[in-house]
Amino acid sequence: MKKSRTLLLAVLLAGTLSAAAEAPLTWGADAQGGAPYVFQDPMEPNRVIGFEVELATLLGQRMGRQARPAFGPWDKLLELLGRGDFDVVINGIEVAGEKGRVVELSHPYFATAEVLTVRKADASAPRTLVGLWGKRVGTLPNSMAARIAEHAGADVRTYEGGQDEIYDDLKLGRLDGVLLDEPVAHYYGDLEPEFESVRSGFGTVQYAIAVRKGDHDLLREVNAALEGLQHDGSLRALYERWGIWSKETAKLFHDTSLAAPLADVEFDRWRAAVGKLPSFYERLTTRYPAMLPMFLEGALLTLLVSVSAMSLAVALGIGLALGRRFGPRALKWFCVAYIEFFRGTPLLVQLTIVYFGLPELGLKLHPFLAGVVALGLNYAAAEAENYRAGLESVPVGQQEASAVLGLSTWQTLRHVVAPQAVRISIPPMTNDFIALLKDSSLVSVVTLTELTKTYGNLANSTRDHLGLGLVVASFYLLLGLPFARLARAAELHFGRHLRRGPA
Amino acid sequence: MTLVVKELVRHHEGNPQPTLAGMSFDLPAGTLTALLGPSGAGKSTMLRCIMGLEPFETGRIDIDGVIVRGTRESSREERKRAIADARKKLGLVFQSFELFPHLTALENCVLAPMRVKLETRAAAEKRARALLCQLGLEPRLDAFPEQLSGGQQQRVAIARALAMEPRVLLYDEPTSALDPSMKNEVLQSLKRIDASGVTQVVVTHDLQLARGVEHVCILDHGVVIESGSPEVVLKTPVHESTRALLNAWLQPDAA
C-alpha cells in the first residue's frame, strides 16, 4: 500500500515538477537483509533503520533530493534497478568486476574484512583460510565470502533467507563455520557468547552504490556526494555510531586520524533488543501487538492481491472452459494449449516473465498489477478445469430437454447447466483460492511486502522465527477461513434441491 | 393430419441394417396414438429424429401440412431454423423425465415460456399452475424434483411440455421408469390431456398401455407394419409378423 502510494506520488511529482533534481531519490534494498544494513527496528518494527538507511538520507541531502526506500529481494535488486523500479541500489552491493556489465558502480563507500565465525567448543573448527578445506561453511549466495570459501575448497552452503538463519545453523551444529562480512559477523555472530570469530586472513570486500547502466549523470552526482560525505567526516561518524568503522574503510578513505571513536550506540541498542529473546508471554503481550499494524498491512496486501487475482482467474477460467466446450476448433485448441502451458510451468517463472521479461517488449507493469496478472493467468488454467468438470457433470439429457423446449444454447447454459455445474465446481474452487492466498507470497519477488515477506523481515531483524511464524500462520488461517465458510454456504445454496424432505 | 412422417431413413454407424427403413405414418389431429414395437424397432430413434435431436438421411416430416424439416438439400442454417420451427409445435416427455433438478415443479414449467415465448412471469406461472393442478400436483408446486415420486415427476414433465402449448406431444416409454402399478395412473393422465384436444403420441413396448389408446401403429425393423384401432390390431392382426410379435410379447406374461 505504502509502495503504491509512493509510486503514485512519484508519478505526480514527475508530472508537476520539471526540475529533475527535486524528484525523490528512490533507493532499493532488501529489508530482510538484516542488521546493520537495512532492517526493521526490533524495538519499533514499523520503522526501517540501518546504516545504509542513514547513508541514503545523507546522500539525498547532499544531492538535494529526498531519499525514498523501495524494497525487493536481495538477489533481484540489480534486475529491479535495470527495470527502473529504483534509481540506485544501496544494500551491501559488493565491488566485483563482472557487475560492471549490468550496472554502473559508484566509488566504494565502505570496506570490510571477511570474518569467520565458529563455535568456541568445536575443537576441530577451522580457524584459517587453509583450514576451510572440506568444512561446512555457511554464507550468502553470490557474495565475495562465498567465492572465497569455494576457492578454499570448503563445502559451501548458501542461505536465501537471512543472516540470522546462517548463525542459527552454526549454533545447531549444521555448519562448521560462517564466513561473512564483518558488520554481519558483528551484529549476529558476536551476540552469541558460545561463538568466536577470526577477523583476519580471509580477504576483504568493498561496497558500492549501483546505478542503472549508462546513467552516467546520476553516477557522477552520486560519486560527488559520496566524496563530500567522506571528506566532511559524516561517513566515519556514521560507521562509528554503528560500530562498524574498520581499518579497511580507514585505508579506503586515507583516514589516518587517531581521534577516539564515537560510541557504537546503535550496536548496543541492537544487542539490548535482540541479544536475549523475551519470554513468549512477554512477546505475546507487548511485542507482537506492536507489530500488528505491519502484519495487518501485509495481510491486506495479500488479500488484495489474492482477491484480484482470483477474480481474474474466475473470469478467464469461465471463458476458457466455455471456449473449450463450445468454441470452434481453433478456439478449443487455443484453450487446451493455454491450460497446458499455465498448468505445466512454474508460477515463479511466469511471474518473472511478466515482471522482468515483458518490459523487453515494451510492457512495463506496476508491481501490484504484475503480481495479479501472473497469479490470475496461472490460476485461470486451474479454474477452467474446475468449470469443465462442473459442466461435464450435468447429464446430456438436461441439454436435450432444454433444446426440445426451444431454449437456445446460451439460455440452456445460463439457466440449466451453469446452476447445476456451480455446485460441483465450488469445492475445488475454494481449494484453489486458499492455495492462491498462500502462493501470493511469491509477489514479494516484485517488491511487494505482503504477509510472508513481512514475517521474513521481522523474524530476521528480531531473531524470532518460531513465535512470529505462529503469528503469520494464524494470519493466513484467519484470511482463509471466512472464504471456506462462504464457499460452504454457497454450496448448500446451490445444492438445496438435493435436501430431501417436505417442501 | 397433424403429424405426417414420410419415408424416414436413418442408419447408425457400424450397423449395416437401417434403424429407420423408410418409416411412414400419419396421425389425425387430437388423437391419442401408441407406436408399439419391441426393443430395437427404431422407436426412440424415430422420436429423436422428429425432435431434431438426431439427423436423418431421407424422408420428411409435416406438421399441420407444413414441411418443417427437409434433409439433403437444406443448408445448416435452414436445418437449424426448421428444427426450431418443429420444436415450437412439438413437445417431448423423456423416458427419464429430465426435469431440471435445481428448479421447483412450478419453476420447471415456467422457465421455457418465459425465456422462449417471452411471457411475463405472472402469465407463465398462471398457466403452469393451472396445468400442474389439472394433473393433480397442486400441493407439490414448490417441491424440487428429488422430493417427488416417480409418477409426480412424470406429471411435472408433462406439464412442462404442455406449458409450451405444443400441437403434438410425444412420450418416450412413459411407463418404463415407473412402478407397474402406476400404469393406470399414466393412462388416466393421457386421457385427461386427450380431452383438451392435443395430439398425443406414445412410444412404448407396453402392450397393456397400448390397449387403452385410440390408435395403434406396430413398428418392427424400422418400419410400421400394421396400424389401426387397438381392438382390431391387437386382437386380430392381419400380418403374420404382427402376430409373431404379439405372441412373443405375451409369452413372458404367460410364464
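The values are calculated or read from the model by the stated rules, or taken from the named source; none is laboratory data. The model shown is predicted, which means the values in this text are computed figures rather than measured ones. Ideal geometry is used to build each Cβ from the backbone, glycine not excepted, and the neighbour counts take in all protein chains shown. For the accessible areas, the whole protein counts, side chains as well, though only heavy atoms, and no ligand, DNA or RNA atoms are used. Shrake-Rupley method; radii C 1.70, N 1.55, O 1.52, S 1.80 Å.
Summary of computed values
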quantity: Flag for B:A34 being part of a loop (DSSP other than H, G, I, E, B) and under 24 Å from B:E231 (Cβ atoms); calculated: no
quantity: Residue that is open to solvent by 10 Å² or more (accessible area, probe 1.4 Å) and either of a type in the set (S, T, Y) or away from chain A (no Cβ under 14 Å) (or both), where the choices are B:G52, B:G40; calculated: B:G40
quantity: Counted residues, segment A:183-196 - those being open to solvent by 10 Å² or more (accessible area, probe 1.4 Å) and within 17 Å of A:D268 (Cβ to Cβ); calculated: 5
quantity: Test result for B:R60, within 30 Å of B:V233 (Cα to Cα) and without any contact (Cβ under 8 Å) to a residue 12 or more places away in the chain; calculated: no
quantity: Test for B:T104: is it within 14 Å of chain A (Cβ to nearest Cβ) and polar (S, T, N, Q); calculated: yes
quantity: Any hit, segment A:276-284, residues being within 24 Å of the chain's Cα centre (by Cα), among the acidic types (D, E) and either surrounded by fewer than 18 Cβ atoms within 10 Å (Cβ to Cβ) or outside the structural domain of A:M43 (by TED's automatic domain parsing) (or both); calculated: no
quantity: Strands (runs of 3 or more DSSP E) contained in segment A:126-233 and holding at least 3 residues more than 27 Å from A:E79 (Cα to Cα); calculated: A:195-198
quantity: Extreme residue, nearest to the chain's Cα centre (by Cα), among residues of segment A:389-403 that are within 14 Å of another protein chain (Cβ to nearest Cβ) and open to solvent by 30 Å² or more (accessible area, probe 1.4 Å); calculated: A:S393
quantity: Within segment B:163-190, tally of residues that are among the charged types (D, E, K, R), within 27 Å of B:L53 (Cα to Cα) and open to solvent by 30 Å² or more (accessible area, probe 1.4 Å); calculated: 2
quantity: Selection within segment A:160-186 - modelled with pLDDT of 90 or more and among the small types (G, A, S); calculated: A:G173, A:G177, A:A185
quantity: Test: residue in segment A:169-186 that is without any contact (Cβ under 8 Å) to a residue 40 or more places away in the chain and within 24 Å of the chain's Cα centre (by Cα); calculated: yes
quantity: Among the candidates A:V156, A:V95, A:V137, residue that is hydrophobic (A, V, I, L, M, F, W, C), under 27 Å from the mean Cα position of the chain (by Cα) and closer than 30 Å to A:A67 by Cα; calculated: A:V95
quantity: Tally, over segment A:342-373, of residues that are of a type in the set (A, V, I, L, M, F, W, C) and in contact (Cβ under 8 Å) with a residue 40 or more places away in the chain; calculated: 8
quantity: Any hit, segment B:72-86, residues being within 14 Å of chain A (Cβ to nearest Cβ), buried (at least 20 other Cβ atoms within 10 Å of the Cβ), farther than 20 Å from B:H221 by Cα and not hydrophobic (A, V, I, L, M, F, W, C); calculated: no
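Residue-wise test of (1) away from every other protein chain (no Cβ under 14 Å); (2) open to solvent by less than 50 Å² (accessible area, probe 1.4 Å); (3) in contact (Cβ under 8 Å) with a residue 60 or more places away in the chain; (4) outside any helix (DSSP H, G or I).
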position	(1), (2), (3), (4)
A:Y387	yes, yes, yes, no
A:Q411	no, yes, no, no
A:V417	no, yes, no, no
A:I424	no, no, no, no
A:F433	yes, yes, yes, no
A:V443	yes, yes, yes, no
A:N460	yes, yes, yes, no
A:V472	yes, yes, yes, no
A:P482	yes, no, no, no
